Structure formats: structure tokens, C-alpha cells
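Taking it in order: structure first as C-alpha cells, then the write-up.
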Amino acid sequence: MQTTQSRRWHAYPRTNPARKPTPWWYYGRALYVSRRDYFKIYCALMIVLGFPMVFLALYFDWQYWKAAALGAGTVSLFYLGYSLLGLYRMYGHPGRNYIARLIREADVGGAAVVADIHIGTYRHSYILADLLPNAVIHSVDCWGEQGDPKETAIRDVRDLECPPTGHPQIRPVRTENYSLPLPDGSCNVVAFGFGTHEVPNNGPLDQLFAEAKRVLKPGPGSTEGNRFAVK
């Protein structure tokens, strides 16, 4: 279990492990950890389109290039707004609806035992606990790489959120060499949550899927239990 927290300075507030973060906090963190990508995209667009169009429009005083520059800027602002809306739908309040639909489709309810596998954010664990008030949620941090993550966004995610303490349903644990610290056939559901696509696919990801099969209870008409994925 993660017991220490990096003390790198961040312009975005860390969570209080004794309190559930709000959807606005998760949306703000999504924007914060994506800031470098947005900046790179902005710089690329300015270099490729923005500066050349403005130069042609001003130097040659061509109406065509003035209209083109204005149109390109308008389209860029539209796509920026669309991207911000998409992040809100994923990480803000509407994100809960997607997980609720998965639960309905998987026919999960009652006193289920859920393994929520992620790489350092407990957002889905909180949502699962809310939607399944009688369930036990094993919130499994599966990040197994040594040192800081190579991707800065993942490093920031792990810096900013602490494992929950004192939540009656959520039990935060960590993998050991990508092995789940759970008994065979102990879970009704395994959810692959935020960022598990970042787990190396040269062995560790296959190990996680094998572990997911191991901890699932046998389901009706199948040799495996109920499964659903949260991305």
C-alpha cells in the first residue's frame, strides 16, 4: 500500500486522504496534467499555421489571408472548447453515468466484491462505492515501474492523489510485480481503471489480465466471473 507521497511542488492542490475529492477536482486535475500537451499543440499550430498566415495577411495586406487567419483561429478555439467539454464529460460529473451503465450491463449489485485496478487514481473506486453501497472495493494501485513514471502526466497524477483512508468500503492495496494481493476466486468484478493502458505491454499487462482471471469468481455459464472494463 502506498504510504508516502511525493513532496514535489504543484500548482494544483493535493487530495486529503480522509475526504473524497469532488468531480470538479478531478476535472481540474485532468486539465492540470494535460497542460503540457495543450501547450505543445498550441505551439505547433502557431508555428505551422498561425505565424505564417498572420505574416502573409499583414505583409501583403491580402484579404484572403486575413480571412484564412481569422477562420483558423476560430476553428482552433472551437476544437479547444470541444476538447475541454470532452474532458469534463470524462472526468467531471457525467463520468459517473458511464460507470453506472457498465454496472447495469454487467448485472452487478448487492454485496459484490470489486477489484478496481488503476495506476494511482482512486476516482473509479469512489464512484463504484457510491453506486454499490453494499460492495467491498479493493482499490489496487498496479504501478510497478521503478522511479518516476516516464510520462510526466502519470507522475503528476500519482503525486496529487493520496490513497483514501477510513472509507468503509474502499481498501487501497498495491501489486507486487503486477500480482494482485487477493485470493483466487475472491472477486465478482474486476475493473481496469484510469491509465492501465500505460502499463508496459511486454509482459506486465498480460500478467495483470492473468491475475484478473485468477481472482474472479466463476460466473454462470462461464469458467470466469463477471468482468467489465473502465477506461
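Points worth noting:
- Folded to 0 to 90 degrees: helix 51-60 orientation relative to the chain principal axis, Cα: 10
- Take every DSSP beta bridge whose two residues both sit in region 107-215; close to 5 percent of them are antiparallel.
- Against the chain, whose longest principal axis comes from its Cα atoms, helix 23-33 is set at around 60 degrees.
- Annotation for region 112-210: trypsin sites (Lys or Arg not before Pro) lying in DSSP loop with at most 15 further Cβ atoms inside 10 Å of their Cβ are 150.
- Between the Cα long axis of helix 95-106 and the first principal axis of the chain there is an angle of about 40°, rounded to the nearest 10.
- Longest DSSP-loop-exposure-free segment, GluC sites (Glu not before Pro), the chain, at most 14 other Cβ within 10 Å: 1-144
- Given charges at Cβ of Lys, Arg, Asp, Glu: region 107-215 dipole, positive-most of 108, 164, 126: 108
- Lys/Arg +1, Asp/Glu -1 at C-beta; the chain dipole; positive extreme among 80, 196, 173: 80
- Spatially, region 100-152 and region 81-99 are offset by 18 Å when compared through their Cα centroids.
- Given charges at beta-carbon only (K, R positive; D, E negative), |dipole| of the chain in Debye: 540
- Placed amide H near residue 190: partners under 5 Å, 5+ positions off or other chain: 115, 228
- Ranking 207, 183, 24 by how far each Cα lies toward the positive end of the dipole of the chain (charges on Cβ) leaves 24 at the top.
- Summarising the strand pairing of the chain, around 5 percent of its internal DSSP beta bridges are antiparallel.
- Structure-based [θ]222 nm, the chain - -39500 (n - 2.57) summed over DSSP H runs of at least 4, per residue, nearest 500: -14000 deg cm²/dmol
- Packing-based ranking of 23-31, 9-17, 124-132 yields 124-132, 23-31, 9-17, ordered from highest to lowest mean Cβ neighbour count within 10 Å.
- Over region 107-215, the alpha carbon radius of gyration divided by the compact-protein estimate 2.2 N^0.38 Å works out to 1.03.
- In region 53-91, the chymotrypsin sites (Phe, Trp or Tyr not before Pro) that fall in loop regions by DSSP, at most 14 other Cβ within 10 Å: 62
Quick note: the coordinates plus some simple rules give every number you see, no bench work behind them. These numbers were taken from a predicted model, which means no experiment stands behind them. Using ideal geometry, Cβ is built from the backbone for each residue, glycine included, and neighbour counts are taken over all protein chains shown.
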